[in-house]
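Notes follow once the structure below has been shown.
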Amino acid sequence: MRHEPGRDALERMYWTMRLAREYETFMKRAYLEGKVPVFEMTAGPIPGEMHLATGQEPCAAAVCAHLTPKDWVVASHRAHHIAIAKGVDLKRMTAEIFGRATGLGGGRGGHMHLSDPAVRFTSTGIVGQALGIAGGHALAASLQRDGAVAVGFIGEGGANQGVFHETLNLASLWKLPLICVIEDNRWGVSVAKDKSTAIARNADRASAYGCAGEFVANNDPWAIHAAAARAVERARAGEGPTILEIETVRLEGHFVGDPEPYVPEDEKDRRANQDALAIMKRRLLAEHGFTAEELAAIDADAAACVAEAERFARDSAPAAPDDAYAHVFVEAA
């Protein structure tokens with residue numbers, strides 16, 4: 001069955017991708033405050049590591065285009081684009097990353113531990129664990145028979161973790177409405193996929209569990225949208241899980257400040273021409289009747305949303321040290 005996105009769906013995907021790109025551009029700038037010219041990870045308004053999803057926007061936008069408010073999404077440590085695609089409150093997410101009291105978790109979790117129950121989204125910094133959590137949501141949906149699906153986003157490195165195999169085994173056995181999205185950017189931190197994974201395509205592992213597996217090449221929003229539609233249809237029909245492997249590209253290092261000495265120079269040159277956002281913009285103009293003015297308005301609106309989120313975060317009070325143990329311990333009755 002073909003699943004061609006209509007004009008409204010294309011506009012929404014472009015808007016989501018543009019918002020995610022604007023957000024990552026801002027986040028890189030904010031993160032580097034106080035950390036240059038000599039990089040110091042603990043300095044500036046956002047201490048610690050920062051993992052950006054620049055280049056991977058289609059994975060989130062095209063998959064989440066098929067989800068409803070009742071569906072669950074669990075992301076990995078590289079989560080901003082997925083959170084945006086699921087509709088997480090941008091202002092409170094930004095405040096959380098800045099360690100502010102108005103953040104999603106009161107400033108306790110930071111950028112790798114985002115959670116917004118209002119839209120059924122969460123993330124985890126543990127490699128591969130997003131799939132295990134999503135598997136739990138899928139089991140709950142199956143027991144409650146509420147028609148929800150659960151999507152777990154992991155990287156190709158996460159597919160080599162035990163939780164990947166355990167979760168897919170049970171999800172297939174019990175026909176759970178689970179979708180495993182593998183964002184394959186070829187690099188697990190600094191290790192190339194062909195140096196860590198015995199199989200060329202993780203989608204082929206679906207045969208070991210008797211479930212569906214689809215591979216999408218070239219970071220193509222249209223192809224991802226179609227494959228995700230089929231995966232969601234299978235999940236809602238009670239046909240069990242799908243491994244949806246997406247060939248994407250990481251346009252930044254593993255973390256901000258990573259000089260990527262491990263990436264061959266010719267690969268860096270190639271990926272400069274693999275920006276899916278720029279490619280989608282050209283296709284919308286050439287093939288789908290969008291005007292430059294329409295897309296410019298979307299770009300401006302996305303920039304305004306990010307600016308508003310930044311103002312909210314910077315104007316919010318920092319998380320109070322006295323609240324560090326709140327929600328951690330429960331007093332005995």
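The values are calculated or read from the model by the stated rules, or taken from the named source; none is laboratory data. All values reported here derive from a predicted model rather than from experimental measurement. Ideal geometry is used to build each Cβ from the backbone, glycine not excepted, and the neighbour counts take in all protein chains shown. Surface areas here come from the heavy atoms of the whole protein model, side chains and all, with no ligands, DNA or RNA. Shrake-Rupley method; radii C 1.70, N 1.55, O 1.52, S 1.80 Å.
Values as computed for the structure displayed
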| quantity | calculated |
| --- | --- |
| Residue identified as modelled with pLDDT under 95 and not charged (D, E, K, R) among Pro69, Pro37, Pro45, Pro117 | Pro37 |
| Filter pass, Gly162 being open to solvent by 10 Å² or more (accessible area, probe 1.4 Å) and either on the phi > 0 side of the Ramachandran plot or modelled with pLDDT under 95 (or both) | no |
| Members of segment 174-199 found to be outside any strand (DSSP E or B), of a type in the set (A, V, I, L, M, F, W, C) and closer than 19 Å to Thr242 by Cβ, listed by number | Trp174, Leu176, Ile199 |
| Matching residues, segment 65-78, being closer than 20 Å to Leu139 by Cα and either of a type in the set (S, T, N, Q) or touching a Lys or Arg at 6+ places or on another chain (Cβ under 8 Å) (or both) | Leu67, Thr68, Pro69, Lys70, Asp71, Trp72, Val73, Ser76 |
| Meets criteria (at pLDDT 95 or above, open to solvent by 50 Å² or more (accessible area, probe 1.4 Å), touching a Leu at 6+ places or on another chain (Cβ under 9 Å) and of a type in the set (Val, Ile, Thr)) for Thr291 | yes |
| Unique residue being under 14 Å from the mean Cα position of the chain (by Cα) and either open to solvent by less than 30 Å² (accessible area, probe 1.4 Å) or at pLDDT 95 or above (or both) when the list is Ile97, Ile154 | Ile154 |
| Qualifying residue in segment 253-275 (condition: closer than 28 Å to Tyr23 by Cβ, in contact (Cβ under 8 Å) with a residue 12 or more places away in the chain, in contact with an Asp or Glu (Cβ under 6 Å, 6 or more places away or on another chain) and surrounded by fewer than 17 Cβ atoms within 10 Å (Cβ to Cβ)) | yes |
| Gly48, sole failed condition from (1) part of a helix (DSSP H, G or I); (2) in contact (Cβ under 8 Å) with a residue 12 or more places away in the chain; (3) open to solvent by 10 Å² or more (accessible area, probe 1.4 Å) | (1) |
| Test: residue in segment 178-197 that is out of contact with any Leu (no Cβ under 9 Å at 6 or more places or on another chain), over 30 Å from Tyr262 (Cα atoms) and surrounded by fewer than 16 Cβ atoms within 10 Å (Cβ to Cβ) | no |
| Some residue of segment 221-235 being within 19 Å of the chain's Cα centre (by Cα) and not in a helix (DSSP H, G or I) | no |
| Qualifying positions in segment 236-252 - among the charged types (D, E, K, R), part of a loop (DSSP other than H, G, I, E, B) and open to solvent by 10 Å² or more (accessible area, probe 1.4 Å) | Glu239, Glu252 |
| Hits in segment 294-306 (condition: in contact (Cβ under 8 Å) with a residue 40 or more places away in the chain and open to solvent by less than 60 Å² (accessible area, probe 1.4 Å)) | Leu295, Ile298, Asp299, Ala302, Ala303, Cys305, Val306 |
| Tabulated pairs, segment 185-205, first within 24 Å of Ala60 (Cβ to Cβ), second of a type in the set (Gly, Ala, Ser) and open to solvent by less than 20 Å² (accessible area, probe 1.4 Å), C-beta under 6 angstrom, 6+ apart or interchain | Asn202/Ala159 |
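Yes/no per residue for (1) buried (at least 24 other Cβ atoms within 10 Å of the Cβ); (2) out of contact with any strand residue (DSSP E or B) (no Cβ under 7 Å at 6 or more places or on another chain); (3) over 18 Å from Gly188 (Cα atoms):
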{"residue": "Lys91", "(1), (2), (3)": "no, yes, yes"}
{"residue": "Ser115", "(1), (2), (3)": "no, no, yes"}
{"residue": "Ala118", "(1), (2), (3)": "no, yes, yes"}
{"residue": "Gln129", "(1), (2), (3)": "no, yes, no"}
